[in-house]
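Heads up, the thing below is written out as structure tokens.
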Amino acid sequence: MIQLQLIILQFFLLVSCSSTDTKNLSQDRQADVIKVSASGSENNYAFSVTISSPDTGCNQYADWWEVISASGELLYRRILLHSHVSEQPFTRSGGKIEIANDQTVWVRAHMNNSGYGGKAMKGTINEGFSQADFPKTLGVGLDQVDPLPKGCNF
């Protein structure tokens, strides 16, 4: 009887130790947009985007951030030329982004080896930006649209 109990206990320990929460694992490898600010004038904005990402070098790094319309159109993409291992979080600017000051847009980041999935921000120039859950059906296929990174410098 004791031997059977030990076998059952070992089985449960093995199962509990080998199970992995894949949702948390994939979230650990995502780039999160944590701040967005804009400057300029209507139809000529520059965005400053702050990203927190689990960069480890060229094998895993945030390779771009982008601005997407509420209908899923790519409005702007800022290619990131290298990893930011020792600079976390980091901010990069880009533009000319041709939007109205009251136009709702999304800002999200992309990881070279795991794609989209991190925290995104939604908002307007007039009202600012806040974190929101990016709709899974919006902007499908944009990861294949130019401009795309040509590699990682370091």
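List the residues whose amide H sits under 5 Å from the amide H of Ala31, counting only those 5 or more places along or on another chain, with H placed 1.01 Å from N in the peptide plane.
Result for Ala31 returns Met111, Gly118.
Quick one: net charge around Pro149, please, counting Lys, Arg +1 and Asp, Glu -1 for every other residue with C-beta under 15 Å from its C-beta.
Result for the neighbourhood of Pro149: -1.
Output the direction-averaged projected area (hull surface divided by four) of the convex hull of the alpha-carbon atoms of region 23-133, in nm².
Result: a mean projected hull area of 6.4 nm².
What length, rounded to one decimal in nm, is gained on full extension from Arg29 through to Asn44, with 0.36 nm per residue of separation minus their alpha-carbon distance?
Once the chain is fully extended between Arg29 and Asn44, it gains 2.1 nm.
Using 0.36 nm times the number of residues separating Asn59 and Ala100, minus their current alpha carbon distance, what extension gain do you get?
11.0 nm
Which peptide among 99-108, 60-69, 33-42, 124-133 comes first, and what is the full order, when sorted by highest mean count of other Cβ atoms within 10 Å?
Output ranking for 99-108, 60-69, 33-42, 124-133: 60-69, 99-108, 33-42, 124-133.
Where a number appears in this text, it was derived from the coordinates with a stated rule and is not lab data. Keep in mind that this is a model prediction, so the values were computed, not measured. Every residue, glycine among them, receives a Cβ derived from its backbone with ideal geometry; neighbour counts consider all protein chains shown.
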